[in-house]
1. Where the only charges are on Cβ atoms (+1 Lys, Arg; -1 Asp, Glu), what is the dipole of the range 5-117 about its Cα centre, to the nearest 20 debye?
2. Name the aspartates and glutamates eligible as straight-distance cross-link partners of Lys7: C-alpha to C-alpha under 19 Å, and not fewer than 8 places from it in the same chain.
3. Among Trp65, Pro76, Ala46, whose Cα lies farthest out toward the positive end of the dipole of the range 11-94, if unit charges sit on the beta carbon of Lys, Arg (+1) and Asp, Glu (-1)?
4. With a Förster radius of 25 Å, plug the Cβ-Cβ distance of Arg70 and Ser109 into 1/(1 + (r/R0)^6) and report the FRET value to the nearest 0.05.
5. Once both labels are modelled 7 Å past Cα along the beta-carbon direction, what's the Glu30-Ile16 spacing in nm?
6. Taking H placed 1.01 Å from N in the peptide plane, check which residues at least 5 places from Ile90 or on another chain put their amide H under 5 Å from its amide H.
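Coordinate-derived values only; no laboratory data. Note that the structure is a prediction, hence the values are computed from the model and not measured. Reconstructed Cβ throughout: ideal geometry from the backbone, glycine too, with neighbour counts over all protein chains shown.
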Amino acid sequence: MEIKNCKGCNRLFQYIGGQVLCPICRDALEDKFAEVKEYIYQNRGASVADVSAATEVSAKQIKQWIREDRLVLSDPTEDGITCEKCGIPICSGRFCEKCRTAMANEFGSVIGRPTAPTIDGNRGNKKGNKMRFLS
Ligand SMILES: [Zn+2]
Ligand SMILES: [Zn+2]
């Protein structure tokens with residue numbers, strides 16, 4: 001068993017894998033999360049700065065929730081979060097749509113490479129046969 005100081009209130013608490021906050025602060029943070037989520041729901045288009053000012057939650061914390069896909073901004077804004085790959089403003093997560101697609105394709109092409117030409121080849125053959133039969 002490991003005892004640590006809570007990063008929020010400095011109380012000692014039983015440390016469980018990766019947690020930096022005591023159960024009391026974690027609960028308080030979850031309450032704040034609900035508040036932030038509600039605010040974003042009520043104020044579509046609110047920027048991170050707006051949300052931070054209205055809910056008294058740090059912009060850093062809000063951005064972390066967005067990165068974790070727990071919150072989604074209605075509009076990608078400069079002061080919000082940006083794609084970790086190309087840097088354009090995004091609504092949630094770590095990467096923009098384009099980079100996610102590019103990465104998925106990169107990943108897919110490695111696995112799909114041996115099968116892809118076969119499918120094309122089959123299609124070509126069928127077409128070729130048909131034309132030969134017709135003539
Ligand atoms: Zn605490
Ligand atoms: Zn990107």
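1. Working: 15 positive and 15 negative charges, 88 e Å.
Magnitude of the dipole: close to 420 debye.
2. Qualifying aspartates and glutamates at Cα under 19 Å: Asp27, Glu30, Asp31, Glu56.
3. Trp65
4. Efficiency for this residue pair is about 0.20.
5. Each label point lies 7 Å from its Cα, and together they span 1.0 nm.
6. Close amide H contacts, sequence-distant or interchain: Thr77, Ile81, Thr82, Cys83.
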